[in-house]
1. Answer yes or no: is there a residue in the stretch 237-252 that is farther than 24 Å from Gln300 by Cα, open to solvent by 30 Å² or more (accessible area, probe 1.4 Å) and among the basic types (Lys, Arg).
2. Somewhere in the stretch 256-272, is a residue more than 16 Å from the ligand (Cβ to nearest atom), buried (at least 23 other Cβ atoms within 10 Å of the Cβ) and hydrophobic (A, V, I, L, M, F, W, C)?
3. I'd like to check which helices (runs of 4 or more DSSP H) are fully inside the stretch 50-163 and have at least 1 residues that are outside the structural domain of Gly22 (by TED's automatic domain parsing), under 29 Å from Phe10 (Cβ atoms) and open to solvent by less than 40 Å² (accessible area, probe 1.4 Å).
4. Would you mind telling me which numbered condition in (1) under 28 Å from Glu471 (Cβ atoms); (2) open to solvent by less than 30 Å² (accessible area, probe 1.4 Å) Asp361 fails?
5. Against the definition (without any contact (Cβ under 8 Å) to a residue 40 or more places away in the chain, open to solvent by less than 20 Å² (accessible area, probe 1.4 Å) and more than 16 Å from the chain's Cα centre (by Cα)), how does Gly224 come out, yes or no?
6. Against the conditions (1) touching a helix residue (DSSP H, G or I) at 6+ places or on another chain (Cβ under 6 Å); (2) open to solvent by 20 Å² or more (accessible area, probe 1.4 Å); (3) farther than 20 Å from Thr415 by Cα, where does Phe307 fall short? Just the number, please.
7. Are there any pairs, at least 6 apart or on different chains, whose C-beta atoms fall under 6 Å, with the first in the stretch 282-296 and within 21 Å of Leu80 (Cα to Cα) and the second away from the ligand (no atom under 11 Å from the Cβ) and in a helix (DSSP H, G or I), and if so, which?
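The values are calculated or read from the model by the stated rules, or taken from the named source; none is laboratory data. Predicted model only: the values in this text are computed from it and were never measured. Methodologically, a virtual Cβ is constructed for each residue, glycine included, from the backbone with ideal geometry; neighbour enumeration extends over all protein chains shown. Note: areas computed on protein heavy atoms with side chains; ligands, DNA, RNA excluded. Shrake-Rupley method; radii C 1.70, N 1.55, O 1.52, S 1.80 Å.
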Amino acid sequence: MTAYRELMEFERTTCALAQVAGRLGWDQETVMPRAAAPQRAEEAEAMEQVLHARRTDPRIGAWLSRIDEGALDAVGRANLRHIRRRYERATRVPARLAGEIARVTSEAQVLWAEARAGDDFAAFAPVLARIVELKREEAAALCAGGAFGGDPYDALLDDYEPGATGAGLAEMFASLRPRLVALRDRVLGAAHQPAPLTGRFDEAAQLALTARLAERFGYDLAHGRIDRAVHPFSSGSGLDVRITTRTDPDDPFGAVYSTIHETGHAVYEQKIDRAFLLTPLGQGVSMGVHESQSRIFENQLARSRPFTGWLMGEMARAFGPLSTGEDAEAFFGAVNRVYPGFIRTEADEVQYNLHVLMRFDLEREMIAGTLAAKDLEEAWNARFEADFGVRVDRASNGCLQDVHWSVGLFGYFPTYTLGNVYAGCLYRAMRDDLPELDAALAAGDTAPALGWLAERVQRHGGLYEPAVLIERATGAAPGVGPLLDYLEEKFARIYRL
Ligand code: ZN
């Protein structure tokens, strides 16, 4: 098995370099001196060139052809599956095209930020058209030889959610939508509307509270750290997994729940079997599974009635008397309030997926060539009004709100909703297995839930394909039923439906 050993040694160095590149990105968003940006761009590009050269190194193809797969164990075969998939993706896309996508999307981010600040979609449309054109070209190259059934969207989606298809997701989302819309309409029309939490909340106290919450949700600070950044994110795998947070003096829930969300991503990475460190199995298996961990931490666990009862006491200790008084039902309502809004990242649990479904349909049309980039704003606004009953007032509240398309992330959006669907499945199975769950959460004790997730999902890293992993964890193929049942039950209670 020398070919396998040589390949894995080569991969280990590539994985290590990828971690270094990721840490440069973390540095840029947190502590990098502001005027260092031009040099950092060159440094990041140099790292990308090194990584690209390694990922397309012809020796990988030679090793792959010499390895006797039948002689490998499950871990070995899973490693090969990841390596082969990435090698095929990297080598099918011509270097000229990969370089141009990197260059155009890097320029586009500046143009997007300016267009968004000026609410000027027309200023962004030409570069978006170019990005769509390049992504269609990339997809066509990935489909060479009949791969992905020749479907360009599936070729792009596979990078984020291996094994998923646009048609499969469209079917799943079609069964999600009617009950979500019905629930949203009942909630917004309900006679009882919970009051928001109001007041001013000391930002140092917010940081102290969110650090305690991250630890309570299993975040290991010996292998991580929390810093401030404009947009919360998590970064890194294995022994060094970092998260960021932000505070708003008027809205402590923003800091609390974005921190718990990122903690879900980070704990997933920290709990992966250490035997997989710096191998292709040593990181979260897909964006959808990753999001299932952050969402179940944030929503099913931390926004639950039992846990919010405990959190209310912690917040009163941190900030003084709360506007909701000592009424745990009122606090639970304030945490989970549903209200109309334009922005996906601020959306509540009921409406969040409707924002994603809309983006999924629009980006599929752009990649299929049936929606021209220049017509995106019009299509977006029409669709938003049809789905949400509100006219978009400006582009920054509409099609310019998300960074994804400007950086070439087509096929990424649906993984957010897939993550919610997976979280619904996991939560149902967890409740069946853990009768003590609610009592523990009411005491602020996350250990039963965390232990269950680590054992069923997190420790496996990239060992299983995403849908297989969820099915093994829950005993059933993933479906939308558990998420919808959970949402309907929870919001019927809050809104007294
Ligand atoms: Zn996330």
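1. From the stretch 237-252, those farther than 24 Å from Gln300 by Cα are 237-240, 249-250; that's our starting set.
Within this subset, residues satisfying the condition of being open to solvent by 30 Å² or more (accessible area, probe 1.4 Å) are 239-240, 249-250.
After this cut, where a residue has to be among the basic types (Lys, Arg) as well, the list is none.
Scanning the stretch 237-252 turns up no residue that is farther than 24 Å from Gln300 by Cα, open to solvent by 30 Å² or more (accessible area, probe 1.4 Å) and among the basic types (Lys, Arg).
2. yes
3. Details: elements: 58-66, 74-92, 95-117, 121-142, 152-157.
The helices (runs of 4 or more DSSP H) meeting that bar are 152-157.
4. Asp361 satisfies all of (1) under 28 Å from Glu471 (Cβ atoms); (2) open to solvent by less than 30 Å² (accessible area, probe 1.4 Å) except (2).
5. It is false that Gly224 is without any contact (Cβ under 8 Å) to a residue 40 or more places away in the chain, open to solvent by less than 20 Å² (accessible area, probe 1.4 Å) and more than 16 Å from the chain's Cα centre (by Cα).
6. Going through (1) touching a helix residue (DSSP H, G or I) at 6+ places or on another chain (Cβ under 6 Å); (2) open to solvent by 20 Å² or more (accessible area, probe 1.4 Å); (3) farther than 20 Å from Thr415 by Cα one by one, Phe307 breaks only (2).
7. Between residues of the stretch 282-296 that are within 21 Å of Leu80 (Cα to Cα) and residues that are away from the ligand (no atom under 11 Å from the Cβ) and in a helix (DSSP H, G or I), the close pairs are Gly282/Phe276; Val285/Pro466; Ser286/Pro466; Val289/Pro466.
This table checks each residue for (1) within 16 Å of the ligand (Cβ to nearest atom); (2) surrounded by fewer than 20 Cβ atoms within 10 Å (Cβ to Cβ).
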position	(1), (2)
Phe413	yes, no
Asn420	yes, no
Arg431	no, yes
Ala443	no, yes
Ala454	no, yes
Gln458	yes, no
Gly462	no, no
Arg472	no, yes
